[in-house]
Amino acid sequence: TTNLVNISKVDAPMDVQSEVSFLMNRYLSDSTGSLDVLRVEASWLRVMKDKLVDLNTVFESNVTEAFDPDAIKALTVDGKLLGLPSRVDSLRVYYRKDLLNNNGLSVPSTWEELETSARTIQMAERQS
């Protein structure tokens, strides 16, 4: 048996909000149902969660073992696995020791500390 796959590239709007709306209205509305596979950022899944299939009901339970557990966690919304990772990105935060030292700050270890340190440094730089 031969299974045919029809792949179509769709150009969507460039800004994120418009792109999500475009995809939701054109392909994920109740009337269309014409999309089987979609590549989107993990952060969009929360908005699309009610239109996507829980992959836990499609794949065997061990399918997630091939992926980074943090990637699977990022693609799971309200207990539903809504995607599988096609790639994993890592973020880095760089800091300037001189600015931290000049303002009596240590290297932040939480997002809250980072925000506070950034505000402190910005205020000091604006006053100098």
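The values are calculated or read from the model by the stated rules, or taken from the named source; none is laboratory data. The model shown is predicted, which means the values in this text are computed figures rather than measured ones. Methodologically, a virtual Cβ is constructed for each residue, glycine included, from the backbone with ideal geometry; neighbour enumeration extends over all protein chains shown. For accessibility, only protein heavy atoms count, side chains too; no ligands or nucleic acids. Shrake-Rupley method; radii C 1.70, N 1.55, O 1.52, S 1.80 Å.
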- Query: Short version: ³J(HN,Hα) in whole Hz for each residue of the range 88-95, in order, from phi by Karplus 6.51 cos²θ - 1.76 cosθ + 1.60 (θ = phi - 60°), x for Gly and Pro, what are they?
  - Reply: 10, 9, 10, 9, 10, 10, 9, 9
- Once phi is turned into ³J(HN,Hα) by the Karplus curve 6.51 cos²θ - 1.76 cosθ + 1.60 with θ = phi - 60°, what whole-Hz value does each residue of the range 106-116 show in order, with x for glycine and proline? 9, 5, x, 10, 9, 5, 4, 5, 4, 4, 5
- Taking 7 Å along the Cα-to-C-beta vector as the label spot, tell me the A74-M123 distance in nanometres, rounded to one decimal. 3.3
- Message: If you count only protein heavy atoms with a 1.4 Å probe, what accessible area per residue comes out for the range 41-96, rounded to a whole Å²?
- Response: 77
- Using a Förster distance of 30 Å, how high is the FRET efficiency between M24 and R87, based on the Cβ-Cβ distance and rounded to 0.05? 0.80
- Label 7 Å along Cα→Cβ of V107; the range 71-97 residues with amide nitrogen under 14 Å? 92-97
- Query: For the pair V47 and F67, what calculated FRET efficiency results from E = 1/(1 + (r/R0)^6), where r is the Cβ-Cβ distance and R0 = 22 Å, to the nearest 0.05?
  - Reply: 0.50
- Query: What FRET efficiency, computed as 1/(1 + (r/R0)^6) with R0 = 30 Å and r the Cβ-Cβ distance, is obtained for V37 and L114, rounded to the nearest 0.05?
  - Reply: 0.25
